[in-house]
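Single-structure report; data block below.
The values are calculated or read from the model by the stated rules, or taken from the named source; none is laboratory data. The shown structure was predicted, so the numbers you read here are calculated from the model rather than taken from an experiment. Cβ placement follows ideal geometry from the backbone for every residue including glycine, while neighbour counts extend to all protein chains displayed. Only protein heavy atoms, including side chains, enter the accessible area calculation; ligands, DNA and RNA are left aside. Shrake-Rupley method; radii C 1.70, N 1.55, O 1.52, S 1.80 Å.
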Amino acid sequence: MNELELKYGCNPNQKPSRIYMSEGKELPIQVLSGRPGYINFLDAFNGWQLVKELKEATGLPAAASFKHVSPAGAAVGLPLDPVLANIYWVNDMEELSPLACAYARARGADRMSSFGDFIALSDICDVDTAKIIKREVSDGVIAPGFEPEALAILKAKKNGNYNVIEIDPDYKPEPVEKKQVYGIVFEQGRNELKINEELLSNVVTENKDIPDSAKMDMIISLITLKYTQSNSVCYSMGGQAIGIGAGQQSRVHCTRLAGNKADNWYLRQAPKVLDLPFVDGIRRADRDNAIDVYIGEEYMDVLADGRWESVFKVKPPVFTREEKRAWLDQLTGVSLGSDAFFPFGDNIDRAYKSGVKYVAQPGGSVRDDQVIETCNKYGMAMAFTGIRLFHH
């Protein structure tokens with residue numbers, strides 16, 4: 001198959017629409033179920049590149065949760081501890097495969113943003129992973145293959161309309177890529193830069209100690225940023241992204257946005273949140289929304305009389321600002337990646353509040369000394385990678 005006609009482009013009025021290969025080449029994909037759209041394919045192909053690189057860099061199965069051409073989450077297949085299994089809503093499932101753990105992490109880091117995601121998997125989709133996908137609101141999945149039982153589970157989703165794409169894992173794109181903007185053709189070499197530990201060798205801070213676990217998290221951050229709309233910043237910990245700030249014009253706004261998401265990830269692990277007494281039968285999305293509001297500044301939107309009764313069996317106490325700060329102060333060992341240099345030390349100030357201990361960024365700012373000094377103040381270790389990872 002050389003081309004695939006789509007229902008429409010980014011919006012319903014944008015017709016005709018298709019994906020195709022030039023020079024009569026075959027598309028490297030098969031649609032096994034559903035009818036993926038223009039944005040679905042953008043998410044699928046960006047997500048596939050991300051998880052393919054994560055697998056190559058770490059040797060572990062990888063998964064990504066994409067929304068609007070940026071990842072909401074990305075992770076590798078490390079086991080889940082009981083608390084993470086709880087906040088990712090998989091604690092009722094038996095021991096999960098590494099690939100299923102990767103998707104549970106990718107989906108669970110920022111469940112609000114992952115609602116209606118497109119999933120990318122580095123490995124053949126197994127039954128464990130399909131069972132998690134089955135219970136979540138999602139648009140589709142791309143993988144290099146599907147176990148027969150897993151495919152049957154996915155094909156039954158959305159009354160048979162769930163989008164399932166199989167991609168040829170051996171496909172290699174042309175070294176030069178093109179796109180059009182306003183009828184004008186842009187051309188550039190593909191970003192084939194390999195992200196590995198060598199990029200982390202130039203540690204410029206007084207603290208030079210970066211453990212192997214943090215190096216893996218830094219690599220996960222950088223590979224995630226390679227496929228995130230710029231400007232972008234990614235916090236990571238324990239083999240997964242825990243907060244991604246994408247597409248902001250100001251870098252400190254990326255750092256704040258990603259930091260707020262990382263804070264929410266950790267606040268969801270607080271005993272006060274784990275013990276919330278939800279009413280029986282509450283929908284997963286409603287539960288996620290309630291938690292997000294409860295741990296935020298607008299908590300009365302879910303705790304007001306006449307509102308909490310539809311969510312909780314009994315009215316929970318307020319999670320005060322002081323209690324939240326005390327809990328967040330226990331978070332440490334977080335890694336932070338940035339797709340371009342930090343122009344001011346205020347980014348580091350914000351990162352420190354979310355437990356960041358290790359930083360990877362290109363360097364090259366006229367204020368590098370100020371940024372290094374700020375890291376030294378907090379005892380952080382920072383590596384200058386010397387490479388920028390803009391993605392548009």
Quiz item: What residue, of VAL181, VAL141, is open to solvent by less than 20 Å² (accessible area, probe 1.4 Å) and not hydroxyl-bearing (Ser, Thr, Tyr)?
Solution: VAL141
Quiz item: Do we have ASN163 as of a type in the set (S, T, N, Q) and exposed (fewer than 15 other Cβ atoms within 10 Å of the Cβ) here?
Solution: no
Quiz item: Just checking, how many residues over region 298-309 are touching a residue at least 12 places away in the same chain (Cβ under 8 Å) and open to solvent by 60 Å² or more (accessible area, probe 1.4 Å)?
Solution: 1
Quiz item: Just a yes or no: is a residue in region 275-288 aliphatic (A, V, I, L, M), more than 20 Å from LEU54 (Cα to Cα), touching a Pro at 6+ places or on another chain (Cβ under 7 Å) and in a loop (DSSP other than H, G, I, E, B)?
Solution: yes
Quiz item: Limited to region 20-34, what total is found for residues that are open to solvent by less than 30 Å² (accessible area, probe 1.4 Å) and of a type outside the set (S, T, N, Q)?
Solution: 3
Practice problem: Tally the residues that are crowded, with 18+ Cβ neighbours inside 10 Å and under 17 Å from HIS253 (Cβ atoms), restricting the search to region 372-390. | Solution: 0
Exercise. Starting from region 2-27, take each residue that is hydrophobic (A, V, I, L, M, F, W, C) and list its partners that are part of a strand (DSSP E or B) and open to solvent by 80 Å² or more (accessible area, probe 1.4 Å), counting only C-beta distances under 6 angstrom and pairs at least six apart or across chains.
Key: LEU6/ARG18
Quiz prompt | Search result, residues across region 184-223 that are open to solvent by 60 Å² or more (accessible area, probe 1.4 Å) and either assigned to a strand (DSSP E or B) or touching an Asp or Glu at 6+ places or on another chain (Cβ under 6 Å) (or both) | solution = ILE184, VAL185, PHE186, GLU187, GLN188
Quiz item: Which condition number in (1) of a type in the set (D, E, K, R); (2) touching a strand residue (DSSP E or B) at 6+ places or on another chain (Cβ under 6 Å); (3) open to solvent by 40 Å² or more (accessible area, probe 1.4 Å); (4) not in a strand (DSSP E or B) is the one that ASP170 fails?
Solution: (2)
Self-check item: Candidates GLY108, GLY116 - the one that is within 26 Å of VAL293 (Cβ to Cβ), surrounded by 22 or more Cβ atoms within 10 Å (Cβ to Cβ) and not acidic (Asp, Glu)
Solution: GLY108
Quiz item: Wholly within region 301-392, which strands (runs of 3 or more DSSP E) include no fewer than the required count, namely at least 3 residues that are basic (Lys, Arg), over 27 Å from the mean Cα position of the chain (by Cα) and closer than 27 Å to PRO71 by Cα?
Solution: none
